[in-house]
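Structure, as structure tokens:
What follows draws every value from the coordinates through simple rules; no lab data is involved. Here the structure is a predicted model, which is why all the values come from computation and not from measurement. A quick note on method: Cβ atoms are made from the backbone with ideal geometry, for glycine too, and the neighbour counts reach across all protein chains shown.
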Amino acid sequence: MTTAPRRPRRHPTRKLHLEQGRKLSGAFNRARQIGFPLNCLVTLHWGLADSGVEPFDRWVRLCEAMGKWLARMGCPPTWAFVREKGLAELEHMHLAIHVPKNRSAEQVKAAFERWIAVGAAHVDPAAVDVKLQRTPSMVALMRYLLKGGDSLVRRSFSVPKHYEGDQGIIHGKRLGVSRNLDSRARADALLEDDTSAVAAE
């Protein structure tokens with residue numbers, strides 16, 4: 001079963017707020033706890049592979065393909081994303097995912113280039129950027145994804161000053177995580193821990 005995200009509401013936002021920062025932090029921690037740390041950063045520049053389809057709709061389709069690709073390797077879809085707009089007002093997505101150790105950055109890039117090319121007349125070589133982290137610095141990557149946060153987010157998570165800047169207006173969901181990292185999954189895990197502790201007494 002894939003874990004495609006739900007279609008977002010269309011309200012516009014310019015910054016990530018504290019609740020979203022805590023959601024992302026919890027997702028990074030949960031990924032590490034279940035043995036699937038977010039060890040790869042993929043940046044998708046939708047405008048460099050334009051298909052005329054809204055970026056989030058393209059992400060939904062890409063997410064389904066990515067889920068199947070990961071499942072074939074015995075890896076549950078484990079990810080967190082942040083949507084941003086740069087100075088050119090073109091939307092891009094930073095996607096932190098877990099990639100199995102036997103996959104190279106070149107293999108990951110080739111897969112994402114294949115998916116982002118669906119419906120696009122041309123795909124610029126810079127449309128997909130991949131950075132694999134074999135010994136991932138979760139804190140550094142999380143802070144990078146939170147660079148579009150408000151002053152309270154930046155202060156709470158010690159986001160470096162050189163990351164500060166306007167990340168544009170986004171319509172709909174600005175941040176999202178896979179189902180195995182969301183608040184319900186984390187709450188279920190805590191409940192299981194409590195049940196196990198009681199059973200062991």
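If you take Kirkwood radius over Cα pairs in Å from the coordinates, which of (1) 25.1; (2) 18.4; (3) 17.6 do you get?
Matching the structure shown: (3).
What does the net charge come to around Leu48 if you take all other residues with beta carbon closer than 13 Å to its beta carbon, with K and R at +1 and D and E at -1?
-4
Using only alpha carbon pairs under 8 Å that are at least six residues apart, calculate the relative contact order of segment 12-200 and give it in whole percent.
Computed value for segment 12-200: 38 percent relative contact order.
Under a plain spin-label model, where a point goes 7 Å from the Cα along Cα-to-Cβ, how far apart in nm are Ile169 and His11?
1.6 nm
Exposed loop trypsin sites (Lys or Arg not before Pro) only (DSSP loop, at most 10 other Cβ atoms within 10 Å): please give the longest stretch of the chain free of them, not including the sites.
For trypsin sites (Lys or Arg not before Pro) (loop position, at most 10 other Cβ atoms within 10 Å), the longest site-free span of the chain is 11-100.
What's the lysine pair count for the chain at a Cα cut-off below 17 Å, pairs eight or more apart or interchain?
15
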